[in-house]
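Beneath this line is the structure, given in structure tokens, with notes to follow.
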Amino acid sequence: MKAPTTPLRTLLRKPIPHPYQFLPAVTIATSISHSHNATFSVLNRPPPNYPGHVPLTRLERAALALGSGILSLRDPHRGDLIAALGEATATPYFIHRLHRAMLSSLTGRRILRDRPRITSQSLNLPYLRSLPTNTVGGTYVAWLDREGVSPDTRADVRYIDDEECAYVMQRYRESHDFYHALTGLPIVREGEVALKAFEFANTLLPMTGLSLLAVGTMKPVERARFWYVYGPWAVKNGLKSQEVINIYWEEEMETDVQELRDRLGIEQPPDLRDIRKREREEKRRAKERANGNPAAPAVA
């Protein structure tokens, strides 16, 4: 007996199943994302996801990471290059890990909800200067004044596609000076590398790890000090302390700074600025003695 056949007209009337119909939601999202990336090019760049956003192809992102990485090693004071390197290397995994860390914390979720920005206006620096020097706010503003820096110099995030992850990177970037103040590390190259090592152990952002290549550009005495003092301190404290991205700095200004360190599990490293000052003084006195001034005493 011949099998019954379905008229062609009937088949054409049936809806065609969507290719994602039988796939789980996560797979659908991944497939759509991969499809989008496959058709993405400089000729059909998608619209920005937030003000200032610049969507990049994978090739553009790789070129940005390579170029900014090489140039920032040559000139570590170029904050724009370091910022671009951080954004280019943070995706697709690492910034999402930091985002999940914030979502897993009650305080982190409040920060994501409120989205505060750290500027001289939002922090009210004159008020912070009126706080006792042992408070977080007093310590922070004293560090700003001593180093001659401002919280208004942080560039806006541009190259991270997800809007909320872009804010996470912005928050990390604007909190950097608080990490300096909390640890006491100065902004000289040696201090920056030590702090980047701490941040790498705590946040896993690749840019902070890549910054450790700058160890090779240090003077021999500084390099030895990093390997024997500040490197081990950074790894130990970065791994054991709480996620520093979840500190709501704006609510901690009147907190005793040592109390916050204890709560987070961060030990303050040896005073690098004082060490460098004593080394310079010793070199000056040694030079005076070499030039025929035996009365110049050595630094104890």
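Computed from the coordinates by the stated procedures, all read-outs in this text should not be read as laboratory data. Note that this is a predicted model, so its numbers are computed, not measured. Positions of Cβ are generated from backbone atoms using ideal geometry, with glycine treated the same way; all protein chains shown enter the neighbour counts.
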Arrange the following residues from fewest to most other Cβ atoms within 10 Å of their Cβ: Met207, Met253, Met218. Met218, Met253, Met207
Can you put Ile70, Ile266 in order of Cβ neighbours within 10 angstrom, beginning with the fewest? Ile70, Ile266
Which whole-number percent is the relative contact order of segment 187-300 (Cα, under 8 Å, 6+ apart)? 22
Within segment 195-236: backbone nitrogen closer than 12 Å to the Ala286 label point (7 Å, Cα to C-beta): 221
For the pair Thr107 and Thr153, how long in nm is the line joining their label points, each one 7 Å along Cα→Cβ? 2.7
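Using the 10 angstrom Cβ neighbour count as an exposure proxy, how do Trp227, Trp249, Trp143 rank, fewest first? Could you put the intermediate results ahead of the total?
Details: Trp227 10, Trp249 23, Trp143 20.
If I rank by nearby Cβ atoms, fewest first, I get Trp227, Trp143, Trp249.
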